[in-house]
Amino acid sequence: MAIIKGKVFVYGDDINTDVIFPGKYTYTVTDPDEIAQHAMEDEDPTFVKEVVAGDIIIAGKNFGCGSSREQAAFCFKYLNMGAIIAESYARIYYRNCINAGLPALEIKNLVARVKRGDIVEIDTEAGTVLLPNGDTISFPPLPPEVDQIMKEGGLTNYIKAKLSQ
Amino acid sequence: MGQTFVEKIFSKRAGRAVVPGTILTVKPDYVLTHDNSAAIYKTFTGMGATKVFDKNQPLIVLDHIVPASSEKAAINHKTVREFVADQQLPHFYDGGRGICHQVVVEEGFARPGSLIVGSDSHTTTYGALGAFSTGIGRSEAAGIWALGEIWLKVPESMKIVLNGIPKKHILSKDVLLHIAGKIKADGALYRSIEFSGSYIENLSFEQRLTLTNMAIELGAKNGYIAPDEKVFSYLEERGVARDAYEALYPDSDAEYAEVVEIDVATIEYEVAAPHTVDNVKNASTLKDISVNQVLIGTCTNGRIEDLRQAAEILADKKVAHGTRLLILPASNEVYLQAMDEGLLKIFIKAGALVLNSGCGPCLGAHQGVMAPGEVTVSTANRNFKGRMGCNTADIYLASPYVAAATAVVGRIATPDDLEG
C-alpha cells in the first residue's frame, strides 16, 4: 500500500498506553473488534465514533509511553487506521506498531500544522506526507530489518514466513 | 574510543564493535512473560510455531491478576499452566510466588552482563544488577519463543551522576521522581541510562532496584548501575557463584549523548501529582490533599527495606479515619520475611489490609480499584489517568516514608509532620 489517505485526529505530548487502552481491559477484553472499540477511551471518548478506515493520528512527543501492552497499538490496526505520525514514540510502542504492521512515522512539528478533520496523504514508497495546504514533508525509509517486518504485514506473518522456509 | 555499558554488551553479543544506531539480532538469555503468556501463546501458534525454540529462555511468572478475579482470568491462567506443562518449560512460577520482576531477581536469573527482555515495560529493573534488560511487546515474546531471537537497536547512552548525601528519610524514590521532574517523561527517550556517582555507590541494593525499575518512566530503553560487592554477595547468597557471570562496565572515556549531574543533598520529599510521572511537586505543597487510599508495595517499592521503612512510620500508629491502607509485598519471600520481622503485625495493628504478592491494584485490574473522585497515594511507578481502574480518580506517587506518613495523617504528609 503506497498511498495512505485519511482524516486526521490531533493529540498532544505524552499520550500514554493507559489512556489509549486502559489496563483494566488487558485481561478481560481479548476480541479484536472489542479491543478496537476501547481505543483512546480515556483520552478522547469521541474518537471511536468518528474514526473510519484509513484515518491518521498526528501526535506530539513520546506517543505511547507507559505499558508494553500491545493492544494500545493493535487497537488502531483493528480499526484499519492508515498510520500514526508522532513527533517521537516510546520505544516499546514503536516496536508494537511495527509488529502490528501499522505505519508509525516520526515527524517533528506537525501537530501545529494540522487540525482535526484535515485530510492528509502519505506516500510510503516516496517517503512523503502531503498536508492540506499543499506542503510536502519527507521522512526517511525504515531500516531494512524493520521494513521487512512491515512488508510482511507485521511480526506474526514475518515469523510465519521464516518458520515455513 | 571507549564504550558505554550498552555498547559494550551489544558488541560482546554481536562479536564485533557496534555503535549507537546499529540494529542487530540477538539471542536473549531470558524472555519474561506473565499473565499475558496466554495471549502470547495464541500469537505463537498463529505464527505456525509448535515447539518453543529454547526451553531455557522463557521465564513465566503469573502475577497480574492473582488469584484470578474472574472466570476469564482463571481460564487465562489455566491456558498458561497447560502450555507450560505441554512444552515442559522449566522456569514457571505460579500465582503467589511474587511480582515477576522481584521473582526474576530473587531466583538469580538477573546477573551482571545478562541480556533479558520481557513483555512488561518494567523489565528495566534488572539493570540494578548490571544486566541489560528492556521491555518488548507480546508478539515479540512469541517470536522469541518461536525463533530464540529478536532485533534490537543499540541506543545512545546518557549518564545521570548522583553525588552527595541525601537528607534523612529521602529515598531513591524521591531521587527518581526528582529526575523525572527535571528531565521529563521523554528525557531519556530511546536511551540507555547509566546511574552513577557516590550516592549510587553508597545506595542499598534494594533502593537501586527502584531507580532502574522506573528508568522506563523517563523513556529509557534500559537503566544500568555498575555491579559491585552488594550485587555479587546478594547473588552468592542465592546460589549464583561469582564465576557464573561476567560483569561489564563502561569505559572511563566512553561518549555520552548527555550527562546530568545532581546533588542529592538538595532533594526533598518528592511526589508525582496526577496524571503524569513527571508532574513532580514537593510534598509540602500538597498537604491539603485528602487521601482515600494508600498503596505501599509493588515492583517499585515492595521489597523488605521498603516495608521496614513503612513500618518504622506506622509502628504504634493508626491509619487515619477515612483512609484505607493496602500493603502489597513484592514476593512471598518478602511477605515471609516481613512476617518474621513483625512488620505485618505493625501494619495490621495500624489498620492496614495486607494483600497477597502480585501486581494487585497497580494496574487497576482488581484489589483496590478506585471510585470516581477518590485519591490514592501509591509507591508504584505510574499515575496515569485510569491506571487504577477509574479515569476520574487521582493517583499521587511517593516514597514508602511519604506514603506511610500520609496513611497516618489522612492527607499527603511526610515523616517530618509526625515528629515533635
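Read the figures in this text as sums done on the coordinates, not as results from a lab. In this text, all values refer to a predicted model and were calculated from it rather than measured experimentally. Please note: Cβ atoms are built from the backbone with ideal geometry, for glycine as well, and neighbour counts cover all protein chains shown.
Of note:
- In chain A, the calculated helix contribution to ellipticity at 222 nm averages -7500 deg cm²/dmol per residue, counting -39,500 (n - 2.57) for every DSSP H run with n ≥ 4.
- Dividing the convex hull volume of the alpha carbon atoms of the protein assembly as shown by its residue count gives 147 Å³ per residue.
- Only Cα pairs under 8 Å and 6+ residues apart enter the sum, and on that basis the relative contact order of the range A:3-163 stands at 25 percent.
- Cβ-Cβ FRET estimate between B:Q88 and A:A53, R0 fixed at 51 Å, reported to 0.05: 0.70
- Residue with peak Gaussian network fluctuation, chain B [Cα springs, cutoff 10 Å], from B:I313, B:I395, B:I348: B:I348
- If you plug the beta carbon distance of A:S164 and B:R81 into 1/(1 + (r/R0)^6) with R0 = 25 Å, you get a FRET efficiency near 0.30.
- Helix-only mean residue ellipticity at 222 nm for chain B, each DSSP H run of n ≥ 4 adding -39500 (n - 2.57), per residue, nearest 500: -9000 deg cm²/dmol
- Within a Gaussian network of chain B (alpha carbon springs, distance under 10 Å), most fluctuating of B:S233, B:S157, B:S399: B:S233
- Rounded, prolate or oblate (a/c below 1.5 giving rounded, otherwise prolate when a/b exceeds b/c) for the range B:35-153 by Cα gyration tensor: oblate
- Cα gyration tensor, the range A:3-163 - rounded (a/c under 1.5), prolate or oblate: oblate
- Two-site FRET efficiency, B:E341 against B:L418, from Cβ-Cβ distance with R₀ of 22 Å, rounded to 0.05: 0.55
- GNM result for chain B, Cα springs below 10 Å: residue of B:V175, B:V61, B:V26 fluctuating most strongly: B:V26
- Bridging of A:K115 to lysines at a Cα separation below 21 Å is possible for A:K5, A:K7, A:K49, A:K61, once same-chain residues fewer than 8 apart are set aside.
- Rounded, prolate or oblate (a/c below 1.5 giving rounded, otherwise prolate when a/b exceeds b/c) for chain B by Cα gyration tensor: oblate
- When you count the other C-beta atoms within 10 angstrom of each residue and take the mean per peptide, B:376-386, B:244-254 line up highest first as B:376-386, B:244-254.
- Bins of 5 Å from zero: percent of alpha-carbon pairs in the range B:182-233: 5, 21, 29, 22, 14, 7, 2
- Rounded to the nearest 20 debye, the dipole magnitude of the range A:3-163 is 220 debye, with +1 charges on Lys and Arg beta carbons, -1 on Asp and Glu beta carbons, and the Cα centre as origin.
- Which listed pairs, of A:K160/B:K42; A:K160/B:K12; A:K160/B:K221; A:K151/B:K153; B:K184/B:K385, have C-alpha distances above 23 Å, in listed order: A:K160/B:K12; A:K160/B:K221
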